[in-house]
Amino acid sequence: PGLRFAVTGGQAFVEGDPGRIAQVLSNLVDNAASFSPPGATVGISVRADSGFVVVRVTDEGPGIAGSDTSRIFDRFYSDRPDRDGGARSGAGAHAGLGLAIVKAIVEGSGGAVEASNLPGRGACVEIRLPRA
C-alpha cells in the first residue's frame with residue numbers, strides 16, 4: 001500500500017522514549033497495511049490538540065467487526081479471518097501482539113489509544129501522547 005501523510009498545526013514534540021514511539025508508529029502502519037487491499041493507501045495524520053499530539057493511522061480494509069473495537073488491543077487477539085472464515089485468536093507466534101504493544105507503550109507514556117471504523121470502509125487507530 002501507499003502512504004499518505006498529513007501534518008497540521010506545526011511542530012509538536014511528545015514525551016516518551018523515541019525508540020518506543022517509533023515502535024508504536026511502525027506497529028500501527030504495519031497493521032494498517034496488512035488489512036489494506038493491494039493498491040490501497042494507509043493514511044497517517046499528526047496534529048497538536050490541547051496538551052496532546054494526536055496521531056491517526058487509517059486503512060482501506062474491511063474495518064473492525066462491530067464488537068471488536070476494544071478487543072483488538074488485547075494480547076493475542078486477532079480479528080483476521082482464519083481458514084474457515086471465523087475470527088482467530090492466538091494463531092502464530094506474534095499474532096495479536098502489535099496493537100497490544102501499542103496500547104502498553106502509549107498508556108505507559110501517559111497517553112490513550114482507541115480504534116474505530118471509518119464511514120464506508122476502513123478502520124482508524126488514534127493515539128494521543130502528551131506534548132513535551
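Some observations on this one:
- Residues of the stretch 109-128 that turn out to be farther than 11 Å from R56 by Cα and open to solvent by less than 40 Å² (accessible area, probe 1.4 Å), as a count: 3
- Subset of the stretch 55-71 that is surrounded by fewer than 20 Cβ atoms within 10 Å (Cβ to Cβ) and over 20 Å from G120 (Cβ atoms) - its residue that is modelled with the lowest pLDDT: S70
- In the stretch 11-34, the condition of being more than 11 Å from the chain's Cα centre (by Cα), at pLDDT below 95 and farther than 20 Å from P130 by Cβ is met by at least one residue.
- Those residues of the stretch 21-54 which are under 19 Å from V7 (Cα atoms), open to solvent by less than 50 Å² (accessible area, probe 1.4 Å) and part of a helix (DSSP H, G or I), in sequence order: I21, V24, L28, V29, A32
The values are calculated or read from the model by the stated rules, or taken from the named source; none is laboratory data. What you see is a predicted model, and the numbers here were worked out from it, not measured in a lab. Glycine gets a Cβ as well: all are built from the backbone with ideal geometry, and neighbour counts include every protein chain shown. Ligands, DNA and RNA are stripped out before the accessible areas are found, and what is left, the full protein with its side chains, is counted by its heavy atoms. Shrake-Rupley method; radii C 1.70, N 1.55, O 1.52, S 1.80 Å.
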